[in-house]
Structures are given as structure tokens and as C-alpha cells.
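The values are calculated or read from the model by the stated rules, or taken from the named source; none is laboratory data. These numbers were taken from a predicted model, which means no experiment stands behind them. In this analysis, Cβ positions are derived from the backbone assuming ideal geometry, glycine residues included, and neighbour counts consider all displayed protein chains.
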Amino acid sequence: MAAMAEESEDVDLSQEQTEKLLQFQDLTGIEEISRCKEILQGHNWDIEVAVQDTFNQREGAPSVFSQPDAASMNNEPREPSMNLQPTDQRVFTVVRPPPQGIYQWLYHVIFFPFRFVYTTFLDLVRFTIRLIRPDPRRNVTDPVGDVTRFIHSFEEILGTTHPTFYQGSYSQALNDAKRELRFLCVYLHGDDHQDTNDFCRHTLGNQELIDFINTRMLFWACNTNSPEGFRVSRALKENTYPFLALIVLRQNRMTVVARIEGPIGPAELIEKLDRIMQDNEASLIAARAEREERNFTQTLRREQDAAYLESLKADQEKARKKKEELDKINQEKQRLEDEENERLQMIQERERLKEKLKNEIPEEPPSDDPDVVRIVLKLPHGSRIERRFLKNQSLKFLHYFAFCHEDCPDDFHIVTNFPRRTLPCEPSEEGPDPPSFVEAGLGKNEMLFVQDNEA
């Protein structure tokens with residue numbers, strides 16, 4: 001797992017994309033990390049759509065990988081791969097029964113010419129219009145609007161007693177049915193068909209059928225005169241009205257498992273739908289089990305990835321603390337080296353200063369000189385040093401003499417014993433030329449003391 005994470009880091013991905021990449025690789029079994037990345041990028045990092053499309057390709061279905069379509073241009077969800085004609089599809093064609101009795105036959109015979117002329121004329125008008133301009137239903141621009149307009153029109157004309165219509169596009173209904181693992185019933189409404197009104201009022205308006213549909217499936221409907229309804233009509237290859245199609249997820253593809261064409265009563269429709277659903281319930285059970293297994297695998301993988309990331313963070317934290325400790329040691333070592341270098345530099349500077357000041361001290365006068373002053377300095381550790389100066393010389397030479405002596409501390413003052421006072425010997429910016437021996441009140445023989453300021 002660590003190697004896989006390192007490989008995913010090589011392709012410069014975010015943490016979320018890396019997790020999706022690992023999940024996709026685990027679900028599909030694709031070993032090439034670059035191929036996994038390419039597929040996910042082509043599906044906008046939607047891992048569910050990418051996995052489903054990959055499985056569909058393996059089953060021989062056409063791929064929607066990196067192919068722009070009208071749905072994507074209209075911000076519609078990608079329509080799942082469909083199997084429109086499975087080998088075991090149920091097709092129920094309900095034929096209108098012939099007239100019964102003399103009155104029905106008379107009604108049929110009398111109105112047949114009128115219906116024939118009307119439908120023929122209407123077909124000719126539509127054919128002529130299509131010759132002049134293309135069928136506007138071929139351009140789907142507002143699929144959701146087509147559905148909502150049909151629902152409003154249906155309720156205005158036929159009332160509100162009907163199954164709950166799915167208020168969304170066909171693609172959205174397919175995706176929801178696939179995600180929720182539910183059956184989807186599609187109803188295509190034809191305004192001009194003679195059986196439409198009777199089917200809507202007596203079949204779709206039946207309360208028992210309404211309860212059955214609302215509790216067992218999603219129900220999507222649209223008018224075939226609208227672009228969205230016309231598109232679905234062509235996709236499902238409907239032949240007559242009323243038209244119902246039952247769709248369910250089977251073998252990872254949305255499959256049309258039954259078609260019901262023609263006028264049908266509510267009891268017969270319930271019986272057929274219930275039987276078809278029972279026959280196909282096993283596919284939903286298998287899909288649920290597969291999805292649960294996939295979710296378990298994804299959850300396990302996320303937990304493993306989370307544990308790996310937590311371990312990685314702990315290792316990074318240990319490395320950071322170790323680096324901080326090492327930096328502190330190096331800083332302390334550098335500080336000691338700097339202090340030592342500074343101390344050595346100070347010693348060197350002090351030695352150079354002592355050599356300079358030694359040369360500034362005047363020569364020691366002879367002992368018989370009448371202006372001689374004999375000074376005895378008692379050092380802090382008890383030893384004594386002696387030097388003669390002239391009484392008119394500055395006390396700074398006394399300071400230079402003590403400073404340059406090897407047994408004298410570097411920071412000191414020279415004091416008298418009685419009365420105890422500190423002699424202003426050391427030159428400063430305010431007093432660069434200290435007073436002379438005589439000005440300081442010193443006699444010919446003096447015992448002075450060197451006081452260590454650092455003691």
C-alpha cells in the first residue's frame with residue numbers, strides 16, 4: 001500500500017484524488033496507475049460513473065469515455081448504458097377488442113370514415129410540415145422542462161389522481177433507479193391516440209394501481225410531442241400508445257425487461273408488473289449484494305488508507321521532532337563554537353592591546369630621582385609587584401603596567417587602603433588623560449591594591 005501511495009504521489013494529485021485513484025484501481029483491477037488516472041480524469045473524477053463505464057466496456061457495451069454528448073452540454077447527468085432488447089424481454093401487446101353488439105358495430109361503421117379522414121389528413125399535414133422544416137422534437141434543449149410541462153398539462157386535463165410522476169429528465173430517472181436499485185416504469189403519452197384518455201382516466205387513475213406503483217417503483221412519463229418524450233420514444237422503439245416499459249439494473253446495465261403496448265386495464269397491468277418484478281427481483285438482490293461488497297471493500301480500503309495516512313503522519317511527526325532536536329543540538333554546538341571563537345578573539349585582541357600599551361609605558365626612572373614615586377601593587381591572589389614612576393606622570397601608566405602584567409586580572413580597579421578609595425587610573429572617553437600621581441595625592445612610597453571586578 002505504501003508503494004501504491006508513493007506511485008500516486010508521482011503523478012501530482014491531491015489527497016482526495018489519490019484516495020479515489022486507489023479505490024478505482026482496487027475495484028477495477030487495472031494495474032497501470034496512469035490508465036486509472038486517465039479514466040478518472042475523463043469522467044471528472046466521478047468514481048462511480050468511471051467504475052460503471054469500465055465494467056460496461058468489458059461487457060461489450062459502447063463506452064462513453066471522453067465523448068461529449070448533448071447531456072453533458074446541457075449539464076445533464078450521463079445516461080447509463082442500456083440493454084434495450086435482452087433475450088428474455090417480455091413484450092405484451094394489447095389489442096382493442098372488436099365491437100360487441102349491434103350498437104357498437106353501428107357506431108364503429110358510422111364514425112370509421114370520419115376517423116380515417118381525420119387521421120389521414122393529420123398525417124399528411126405533419127408530413128408536409130416536416131418536408132418544409134425539420135422536426136423540432138429532434139433538438140432536446142430543456143428535458144426537465146418538457147417533463148414538468150407534461151405533468152402540468154396532464155393534471156389540468158385529466159386531474160391529479162395518478163401515480164407520482166418523476167419530476168426530472170429521463171437520464172435523471174435512470175440514474176436514480178440505478179443508484180437506488182429500484183424498478184423504473186416509463187410511460188409515453190400520445191395525445192392523438194384514441195386510447196390515451198381512457199387509459200389515463202381508468203387505468204392510471206385507479207387507486208390500487210397508484211398505490212402499487214408508488215410503493216414499488218419510480219414512474220417517469222412524458223409526452224411524445226415534446227423533444228424529451230420523442231427522444232425516449234425513439235430510444236425505446238415504441239410502436240403504439242399507450243406504451244409502458246419496465247426497466248431495472250441487470251448485470252450492471254439498465255435493461256428493458258418488459259414492454260406493454262396498447263390499452264390495458266388496471267388489474268391486468270398490476271398482475272403483469274408484479275409478475276415481471278418477481279421474475280427480475282433476483283437481479284436486484286445480486287446488485288445489492290455486489291454493491292454492499294463493493295461498499296465494504298471501499299470502506300475497508302478507506303480505513304486502510306486512513307491508517308496508512310495516520311502512520312505516515314506519525315512518522316513525519318517523529319522525523320520533524322528528530323530534526324528539531326538535531327537542529328537544537330547543532331545550534332547549541334554552533335553557539336558554543338561562536339562563543340569560543342569570540343573568547344579566543346578577545347584574548348588575541350587583549351594580547352595585542354597589551355603589546356601596544358607596553359610600548360606606551362615610559363621607562364622606569366632611577367631610584368635616586370628626586371621626583372620618583374615607588375608603587376607596590378598587591379594582587380588579588382597575594383603576590384606583589386613593584387614599579388617606579390615620576391610623580392608628574394599620569395596614573396594611566398600605572399594602569400597600563402598592572403594591565404600588562406601576566407598575574408593581574410583583565411578587569412580591575414586600583415584602590416588605596418586607608419582611606420579606601422578607587423584611583424581614577426583607567427583612561428575613558430570622558431577622561432582620556434587621568435590625573436598624575438601627585439594630583440591623586442600619592443606619596444613617594446605607596447602600597448596600593450588591585451581589586452578584581454569579576455571576583
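Among Asp211, Asp195, Asp274, which is without any contact (Cβ under 8 Å) to a residue 24 or more places away in the chain and among the acidic types (Asp, Glu)? Lay out the reasoning, then the answer.
Details: Asp195 fails: without any contact (Cβ under 8 Å) to a residue 24 or more places away in the chain; Asp274 fails: without any contact (Cβ under 8 Å) to a residue 24 or more places away in the chain.
Criteria check complete, one pass: Asp211.
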Problem set entry | Some residue of the stretch 332-340 being under 30 Å from Pro409 (Cα atoms), among the basic types (Lys, Arg), modelled with pLDDT of 90 or more and surrounded by 10 or more Cβ atoms within 10 Å (Cβ to Cβ) | yes
Exercise. Hey, among Ala71, Ala50, Ala61, which residue is modelled with pLDDT under 70, surrounded by 12 or more Cβ atoms within 10 Å (Cβ to Cβ) and in contact with a helix residue (DSSP H, G or I) (Cβ under 8 Å, 6 or more places away or on another chain)?
Worked result: Ala71
Exercise. Within the stretch 383-439, restricting attention to residues that are among the hydroxyl-bearing types (Ser, Thr, Tyr) and surrounded by 14 or more Cβ atoms within 10 Å (Cβ to Cβ), which residue is farthest from Leu357 (Cα to Cα)?
Worked result: Thr416
Problem set entry | Failed item, numbered, when Glu349 is tested on (1) at pLDDT 90 or above; (2) under 18 Å from Ala402 (Cα atoms); (3) surrounded by 10 or more Cβ atoms within 10 Å (Cβ to Cβ) | (1)
Problem set entry | Test: residue in the stretch 245-263 that is without any contact (Cβ under 8 Å) to a residue 60 or more places away in the chain and either at positive phi or in contact with a Leu (Cβ under 8 Å, 6 or more places away or on another chain) (or both) | no
For this session: Would you mind stating whether Thr128 is over 39 Å from the mean Cα position of the chain (by Cα), loosely packed, with under 12 Cβ neighbours inside 10 Å and at pLDDT 70 or above?
Result: no
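Does Gly205 satisfy the criteria of being farther than 14 Å from Phe92 by Cβ, assigned by TED's automatic domain parsing to the domain that holds Pro163 and assigned to a loop (DSSP other than H, G, I, E, B)? Quick ask: steps written out before the conclusion?
Values: farther than 14 Å from Phe92 by Cβ: yes; assigned by TED's automatic domain parsing to the domain that holds Pro163: yes; assigned to a loop (DSSP other than H, G, I, E, B): yes.
Taking the combined requirement at face value, the residue satisfies it.
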For this session: Give the number of residues within the stretch 246-270 that are within 16 Å of Asp88 (Cα to Cα) and under 38 Å from the mean Cα position of the chain (by Cα).
Result: 9
Seminar exercise, completed: From the option list Arg294, Arg259, Arg343, single residue qualifying as modelled with pLDDT under 85 and either farther than 30 Å from Asp433 by Cβ or of a type in the set (Phe, Trp, Tyr) (or both) is Arg294
Problem set entry | Arg350 being among the charged types (D, E, K, R) and within 25 Å of Ala455 (Cα to Cα) | yes
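A quick yes/no check of all residues on (1) assigned to a helix (DSSP H, G or I); (2) modelled with pLDDT under 75; (3) touching a helix residue (DSSP H, G or I) at 6+ places or on another chain (Cβ under 8 Å); (4) not acidic (Asp, Glu):
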{"residue": "Ala3", "(1), (2), (3), (4)": "yes, yes, no, yes"}
{"residue": "Leu13", "(1), (2), (3), (4)": "no, yes, yes, yes"}
{"residue": "Gln17", "(1), (2), (3), (4)": "yes, no, yes, yes"}
{"residue": "Leu21", "(1), (2), (3), (4)": "yes, no, yes, yes"}
{"residue": "Phe24", "(1), (2), (3), (4)": "yes, no, yes, yes"}
{"residue": "Glu31", "(1), (2), (3), (4)": "no, yes, yes, no"}
{"residue": "Asn56", "(1), (2), (3), (4)": "yes, yes, no, yes"}
Problem set entry | Out of Phe165, Phe219, Phe212, sole residue that is surrounded by fewer than 21 Cβ atoms within 10 Å (Cβ to Cβ), modelled with pLDDT of 90 or more and within 22 Å of Thr93 (Cα to Cα) | Phe212
